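The values are calculated or read from the model by the stated rules, or taken from the named source; none is laboratory data. Keep in mind the model is a prediction, meaning the values are calculated, not measured. We place every Cβ from the backbone using ideal geometry, glycine too, and count neighbours over all the protein chains shown. Ligands, DNA and RNA are stripped out before the accessible areas are found, and what is left, the full protein with its side chains, is counted by its heavy atoms. Shrake-Rupley method; radii C 1.70, N 1.55, O 1.52, S 1.80 Å.
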Amino acid sequence: MKKVQETNTRPVVSSRRDNEYVLTRRDMSAPYFAAYCAARSQGPVSRKAPVMRPVTAAPVARQYEDDYYYEAPPQKAQHERKASKRSTRASAKPARRLFFVLLIVLFLVVYIAVAALNYLNMDALSDYYEYLSLFNKTEGDTVVYIGVEDIVMSFAGMFVDSIDTSEYLFYNECLANIDSADTVNMIAYYALPVVLVLGALIAVIFFIRALVALFTTKRRKLFIFSSVLMLLLSIVGIVCGFIWSGAEWSEIAGFIPFGGDLAMQVGYGYLILAGMSLLSLIASFFAFRSKKRLS
């Protein structure tokens, strides 16, 4: 055999890369190498197995004339694989839609503001208190606006002796003689303050979760569930107020303030609470992308 450089029977490892080496004619004629090349050329056996490139041999600068150069498929380094994963995650769309989450935050701010201002009963808002009241009751020629403070404090006065309940309309008309009321009215009188407090509490918790979702891209749960609870509590509260009015169910259209003729009607404040709950529910359906689309 004719030598090209100096005599040496050992395969020479290439200095170009760690996964490059030189095969002699004897190595390439070995049966195990032929079987290896045939298996690599046929492709994967399993469906989940990675697709492998066929083995190729190319002539390079060699020690003997019959030596051939074999290059193994290059593999990515560990830091390159981590960088590619980070770039894939960065390019993926976030789970939440910022616009709809922002709408939910605004709706909840209005909900909490109506409940809070109604409870505070500020003199500066006396001109606008009609739009914050939960119920409007006509007594003679005057209209009495019933708010959160009247209903909640009347209910609390049943258990706390230090609260003066004589100035609260809900206590004087409903809770003072609750023992003589029938079953339906008794349930309505007890349920009205409870649904008001629960609705406000759920709105505050929902508002905090919406703020967290506004500044993070992760999926937040219970948005739709919270909106449904708020809407149901608002509807139950309006029904309890209608039962309080003492009207027949056929006169329910007169309970609406837009052209209603009953002595007691639902106020704009309660309609705002129900409307904000409904709008929050609609926005919650679009606040987060579907898991199927993200995958």
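Things worth noting here:
- In this label model, Leu102 and Leu211 are separated by 1.8 nm, measuring between points 7 Å along each Cα→Cβ vector.
- Expressed as a whole percent, the accessible surface of region 146-204 that belongs to carbon and sulfur atoms is 59, based on a 1.4 Å probe.
- Placing a label point 7 Å from the Cα of Tyr128 along the Cα-to-Cβ direction, the residues of region 243-274 whose backbone N falls under 18 Å of that point are 267-274.
- The calculated FRET efficiency for Asp182 paired with Ser250, based on their beta-carbon distance and R0 = 22 Å, is about 0.70.
- Between Ser41 and Val109, the simple spin-label model (points 7 angstrom out along Cα→Cβ) gives 7.1 nm.
- Volume of the Cα convex hull of region 182-268, divided per residue and given in Å³: 109
- With K and R counted +1 and D and E -1, the other residues having a Cβ less than 13 Å from that of Glu149 yield a net charge of -3.
- Shape category assigned to region 115-164 from the gyration tensor of Cα positions, a/c cut at 1.5: oblate
- Taking region 179-271 and dividing mean pair separation by its residue count, relative contact order in percent (alpha carbons under 8 Å, at least six apart): 29
- Projected-area mean, region 106-195, by convex hull of Cα positions, square nanometres: 7.3
- Mean projection of the Cα convex hull over all viewing directions, computed for region 108-267: 11.7 nm².
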